[in-house]
Every structure is written in structure tokens, then in C-alpha cells.
Amino acid sequence: MTLSPEMLLTVAADRLRTARPEMAARLDVSTPDALRDAKAAIASREVDGPADGAVVAVIGSFSLPRWVHETCRFALSVPADRAVPWRRSFTRTLFLAGRPDNLRERFAFDHIADDASSAWVGPAADRTTTALRRLLKTFSGARELSAWAPVAIAVSGPAASGAPSPPSRPHVHRDLYIATSGLTVSDMLVQVNHLLVEAVLDGLIRPADRLTLRAVPHLSGLAVPFAALRVDTDVHRPHELQAYAALTEET
Amino acid sequence: MTGGRRRVLLAPITVTPSKPLTPSHLKGLLWTDVMFRATAHLADVTYRYSHTTYHPTEQTLGFWEFLDRSHGDVDYDALSEEEVGELYVRFRAERRPLTAADVRPYAEAVERTGYVHPASARVLRLWSRHYERLGLHDPGLLARQPPGFGLEEMIRHLVAAGLGLDQRYVGGPVYLDATRHGLPLRQIVTADGRPNYLACALRELLPLAPCYDETVLLYDRELDPDYQLVERALTGTGTTVHRVPIGRVPIDGKITSARHGGWHSHTTDVLLRTLGDEYDPAALRLGMRLYFIATLGPGQRESFRYDLLRKSLARAEQLLSRARETPRVPGALPALLARHRRAHTHVDPYRLTSSLLGRSRRPPANDLLTTVFI
């Protein structure tokens, strides 16, 4: 599978239609600019309405493999009834800086990493996280990504979950490619988070699956079959799309 | 403890030596001075006031970098503190974003050599003269007094105590984290390593405060949220922390920061020049304390008023005259001062100074005035 502008547009448009199937016929997603306008129009219509599908992720200390692992565990714990509004809000996630070990007595988290390096609340209405958001600051990771040697993780299941167990299937191994060129840690969190949690909600990542995290400057030229692709506005060319992360088919 | 006397640390926030002393600054200095000199009769008290500690803040290093970049070699000894202050106003108006690289030469010089830019050195020397005139204890305005912890050491201590969050490795800042106590996260060091005044204060107080039974933090009332955080950071290190917020002094009903200027007829220099020749030195010292402590009080509702200051100076003359006629009662002073301590070791300057203005017909003890107020 080779990346092309047409393919990126198709992937991005499909995501929009999946999140808002009732609007699919009315949305103009013929160009990257039209796609961006369509998303902005959806967002603006909800400015005054209740946002009931946001997740707040608190980052204390960060390491990529651990964060990927815990993000999957969190997403696996999200019950189906809460996943629906989250999908409709494009798996909106707010990243905050904070120490979960300092917060766990005051706030009920839905998932806390075993080492308390990060914690999650939601998906929930914004008003339920107001106090937490007021106490903390937006996570700032302005450092540009540097490449890493491939690292493998095994996804374990959530500690306790209200989510129904998915039908069993053999455990699989996939590669997770992440573009590093021009991306800060904060940018990467946003892009990879969407890819991971949507892959979990789609059943592409399940407990005991294995992921190998691979850094590449850019995803162009990767000739591997993708099960999921994260596409967003190009950091260098605002009227074009770019692939930021990719989850391969079974390897 | 030494000989049963409690050890008390007075730790006021310093005034940045880049501008003239305003009535708000003067109020804080007089307040602290009375607290120090009164408490010294009852406890072993240290008045920690280190400009070295706070020079690494951006407002100071940035000002120095601005001066050298935009003015070059200037004979700062020829400038008044008002003229240096005008340059500071220009610096703040420039609003040029600073990076760590911009101020690195100055930051390194402060840390390694105790460097002070000649403009600030000039201001500090002028302030020393004001201190002398006002009878203020000099806690080392011109001395190099580095904080006990380096920046990294302070951050390590905070993080280890569960009170710090250091995200510089991902390009984030360092936070003081008292969220466990319901206080919001507060940035203290930027991602590129520039500390704010809280980081500087913690470098000094984290190693120093545990050596004292009681630590008194004196600061502008507007800084109360920050000092609640400092209190949390020090609580648990073995000292009892007391916060003493002091209201600023509005000028014509307005509380403005010295960074905007507009101080011209109200600087300490002007006050001393205007009143210094009219009153004898003892009356000047006592009258200033009566006005800035007892008349203005801990709040910040009353604007500065020359007429009330003069009234205080006249009252000071009367009190001094009456006190000189009272016989000295050996050993009475500590008991008199102890009445103004409330539940702590340090003496409350407001209560003590206000007691001089009571309706009692008894004149104040002369040794109280000479050792605490003049």
C-alpha cells in the first residue's frame, strides 16, 4: 500500500463519516481544505452544546513505550456506551501535566498506569473534569522527537473494566510507525493517541497483542499494508494532508 | 535551639534593584525591620534578604541584558535611582521575548562570580543610604549571599518530596506541584531553564528554613497564591511557617507596579529629601514607622497621604519627647514585646506599633523606641 494524497484524503474522509454517519451525505470532503472546513463546521456547531465525549489524560513522567501501553489499556477499559460519544467527538483527548500520585485522593481516575506515570478520566462531559482541569496545566512537550531503536510491547488488558470482552481471536503482532520529522512530543501525543484509541475501539488492538514501535522521519515510501492510518493537516503545507502514524496489518 | 531561645527566620521577598523604592516597598521594609528588631529581644532571629538569590530572575537578568544591548557603556554611578528606573520602564515596555541564551552570560556570572550589573549595584548603594537614614537594619544589600541550593538540587528535592514535576526532558517546564493539597500547578522554571522568583525563593528556603523553629514569609498581598505554595513546600521540613501578606500602598487610589513608572513625587528618595530637613532623625524614623505600619495597616485600602505622614511625624516627636522623660525599667522590654506575639514567636509589627498610638496616658518606654523604632 503506497501513500498518496488521494489515499490520505480518503482515509481522513472515512474517519469523518465514521464519526458522523448521519452527516456523511452533506459533508464536502473533496479536498483537504474542504475536509478541514467540514470538521471546523462540526466543531463550531457544538461550541455551545454539551461536550460529553472528552477524555482527560494526565501525564506525569513520559516514556513512549509505557505511554503507548497504558493508552491501549485505558482504551480497552472504555465501556461501549461511553465509547460512542467519544467517537462522535473524534476521540477528543486533552493532555494535562500533573502527577497522578498527587491527584488520586482527590479525583477518581478511570485508569492509572501501574507506575502512576499517567492517568485517564473519561470519556465524560467536560463539566465533570472542570476541577481537575483548573488544577493542572496543558501538557507542554515542545521538544522535537528523535528516533529510537524499534521497541516491542505486549498489550495487557485493563486492570478492571466495564467493557465487554471482545470475541476471542488469536493474538497478533503489528508494527506502529510514527513519523518524527518536525513533530514535537506534544504533536506526537495527539496524533498517536487518536490512532491507538480508535484502533482499540475498532478491535484492531486487543489484550495480549504485541506492537513494535518504529520511528521513521516520514511515512512516505513505506510499502507495508496498513490496518489504520493517522492522517491530519501537514505541518509544513497547511493545504495538504500528512500521515503521522500507521498501524500495520499483522506481521 | 540556643539556650532555650527559639530560632526564627524572617524571609521577605526582595525588591528588584532596578527602580526607586516606592511607598509600597518602603512599607514592606519598615514592617520587616520592626518585626526583626522586636523579635530579636525574644528569639534568635535571622533576617534573610539576599539580592544574590533573586538576581537570576528574568526581570533582573533581562534588564541587565537590555541595558548592555541598547545603552552600552554608561557611567551608572552618575545616574539617580529614578533614572535607572526610567530605563527599567523602557525595558519592560520593549516586551521583547527573552530566551535562556539571551541572558546566559548574566546568569552564569551571577552564579559563578556573584556578578551584579553596575546599574543595579548603583541602585543598591543608593538604597543603602536610605536604609541608614531610616534606621533600617541592613541585611546585606551589597553582600554576595548565594542560596544554599543550586537550581538542579532544588528541583531534585522538590520532585523527591512529591512537590515537583520536572518535564524539561520533553521540552516542558518545571512545576511546583501542591495539587495534593488542592493548590494549582505553578510553573517555576521554563523549558529552557529560566527560573522565576519562586524557583529562586525555593533555592534559598528549602535548605535554610529547616534550620529554624519558625519561618516568617513576608510578601506583597498579590502574591498570596504563590506563597501558599511556598508554605506547602516548606511544611514538613521541620519548621513552622507563617505567612504575612502586606498590602501595597495605593497612589491616588491606584495600585500600580513600579515597572510602569509614575512614582516621581513619591519615591523614598523624594520623601526623605522633602521631610528630612524638617524633622530630626529620630522623629523621621519613628514617624515613618507609625505611618507605614500603624496608620496604613496590613491592608491596602488607604492611599498614600503626605498630610497623614506629617501627622505621624509630629506624633513621633511628641512620643520621643515623652519617652525621654520616663525612667527605664530593666527587664521590662521583653515582656512588653511578648504581648504582641499572638500564637507565634515573632512579634506582630502592626499590633506593636499601633500600641504606641493608644489612648494610654503612659508614655512609651524609651528603650522600646530606641531599640525597635529609631
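Restricting to strands (runs of 3 or more DSSP E) lying wholly in segment A:205-251: which have 3 or more residues that are within 18 Å of A:Trp148 (Cα to Cα)? Spell out how you get there, then give the answer.
On the way: elements: A:210-216, A:226-233, A:241-248.
Strands (runs of 3 or more DSSP E) meeting the threshold: A:210-216, A:241-248.
I'm checking my understanding of the structure. Among residues of segment A:74-109 that are assigned to a loop (DSSP other than H, G, I, E, B) and closer than 20 Å to A:Val197 by Cα, which one is farthest from the other protein chains (Cβ to nearest Cβ)? Write out each step before concluding.
The first filter runs over segment A:74-109 and keeps only residues assigned to a loop (DSSP other than H, G, I, E, B), leaving A:78-79, A:89-92, A:98-99, A:104-109.
After this cut, where a residue has to be closer than 20 Å to A:Val197 by Cα as well, the list is A:78-79, A:89-92, A:109.
On the way: A:Val78: 25, A:Pro79: 28, A:Ser89: 25, A:Phe90: 24, A:Thr91: 22, A:Arg92: 21, A:Phe109: 13 Å.
Once the filter is applied, the top-ranked residue is A:Pro79.
Would it be correct to say that B:Leu198 is more than 7 Å from chain A (Cβ to nearest Cβ), touching a residue at least 60 places away in the same chain (Cβ under 8 Å), closer than 18 Å to B:Thr57 by Cα and buried (at least 18 other Cβ atoms within 10 Å of the Cβ)? Criteria not met by B:Leu198. Residue count for segment B:167-190, restricted to those that are surrounded by fewer than 19 Cβ atoms within 10 Å (Cβ to Cβ), in a loop (DSSP other than H, G, I, E, B) and more than 27 Å from the chain's Cα centre (by Cα): 2.
Name every residue in segment A:217-233 that is within 19 Å of A:Leu189 (Cα to Cα) and in contact (Cβ under 8 Å) with a residue 40 or more places away in the chain, in order of residue number. Steps first, answer last, please.
If we filter segment A:217-233 for residues that are within 19 Å of A:Leu189 (Cα to Cα), which is where we start, we get A:217-219, A:228-233.
Within segment A:217-233, A:Pro217, A:Leu219, A:Leu229, A:Val231, A:Asp232, A:Thr233 qualify.
Selection within segment A:110-138: residues that are part of a loop (DSSP other than H, G, I, E, B) and surrounded by fewer than 19 Cβ atoms within 10 Å (Cβ to Cβ). The member of this set that is nearest to the other protein chains (Cβ to nearest Cβ) is A:Ala116. Quick one: is B:Ile155 modelled with pLDDT of 95 or more, part of a helix (DSSP H, G or I) and more than 9 Å from every other protein chain (Cβ to nearest Cβ)? Yes: the conditions hold for B:Ile155.
Could you pull out the residue among B:Arg259, B:Arg203 that is at pLDDT below 90, touching a helix residue (DSSP H, G or I) at 6+ places or on another chain (Cβ under 9 Å) and basic (Lys, Arg)? Break it down stepwise before answering.
Working: B:Arg203 fails: at pLDDT below 90.
Of the residues listed, the single one that is at pLDDT below 90, touching a helix residue (DSSP H, G or I) at 6+ places or on another chain (Cβ under 9 Å) and basic (Lys, Arg) is B:Arg259.
Of B:Tyr212, B:Tyr219, which residue is farther than 18 Å from B:Asp166 by Cα, among the hydroxyl-bearing types (Ser, Thr, Tyr) and either over 17 Å from the mean Cα position of the chain (by Cα) or buried (at least 21 other Cβ atoms within 10 Å of the Cβ) (or both)?
Working: B:Tyr219 fails: either over 17 Å from the mean Cα position of the chain (by Cα) or buried (at least 21 other Cβ atoms within 10 Å of the Cβ) (or both).
Unique residue meeting the criteria: B:Tyr212.
Scanning segment B:83-117 for residues that are surrounded by fewer than 16 Cβ atoms within 10 Å (Cβ to Cβ) and in contact with a Phe, Trp or Tyr (Cβ under 7 Å, 6 or more places away or on another chain) gives a single hit, B:Glu94.
Looking across segment B:337-374, the residues that are surrounded by fewer than 17 Cβ atoms within 10 Å (Cβ to Cβ) and of a type in the set (D, E, K, R) come down to B:Arg339, B:Arg342, B:Arg351, B:Arg359, B:Arg361, B:Arg362.
Which members of segment B:112-134 meet the condition of being in a loop (DSSP other than H, G, I, E, B) and closer than 22 Å to B:Thr46 by Cβ? So that I can check it myself, show each step before the final result.
Going through segment B:112-134, the residues in a loop (DSSP other than H, G, I, E, B) turn out to be B:114-117.
The one that is in a loop (DSSP other than H, G, I, E, B) and closer than 22 Å to B:Thr46 by Cβ: B:Gly114.
Hey, any hits in segment B:135-152 for a residue that's of a type outside the set (A, V, I, L, M) and either within 13 Å of chain A (Cβ to nearest Cβ) or part of a helix (DSSP H, G or I) (or both)?
Taking segment B:135-152 and keeping what is of a type outside the set (A, V, I, L, M), we get B:135, B:137-140, B:144-150, B:152.
Add one more test, that the residue is either within 13 Å of chain A (Cβ to nearest Cβ) or part of a helix (DSSP H, G or I) (or both), and what stays is B:152.
Yes, because at least one residue in segment B:135-152 is of a type outside the set (A, V, I, L, M) and either within 13 Å of chain A (Cβ to nearest Cβ) or part of a helix (DSSP H, G or I) (or both).
Residues in segment B:11-64 that are of a type in the set (Ser, Thr, Tyr), surrounded by fewer than 24 Cβ atoms within 10 Å (Cβ to Cβ) and over 14 Å from the mean Cα position of the chain (by Cα): B:Thr57 only.
So, B:Val84, is that one within 14 Å of chain A (Cβ to nearest Cβ) and of a type in the set (A, V, I, L, M) or not? Considered against the rule, which asks whether it is within 14 Å of chain A (Cβ to nearest Cβ) and of a type in the set (A, V, I, L, M), B:Val84 comes out as no. The residue of segment A:140-149 that is surrounded by the most Cβ atoms within 10 Å (Cβ to Cβ), among those that are of a type outside the set (Ser, Thr, Tyr) and facing chain B (nearest Cβ under 7 Å), is A:Gly141.
The values are calculated or read from the model by the stated rules, or taken from the named source; none is laboratory data. None of the values given here were measured: they were computed from a predicted structure. Positions of Cβ are backbone-derived with ideal geometry, glycine not excepted, and every protein chain shown enters the neighbour counts.
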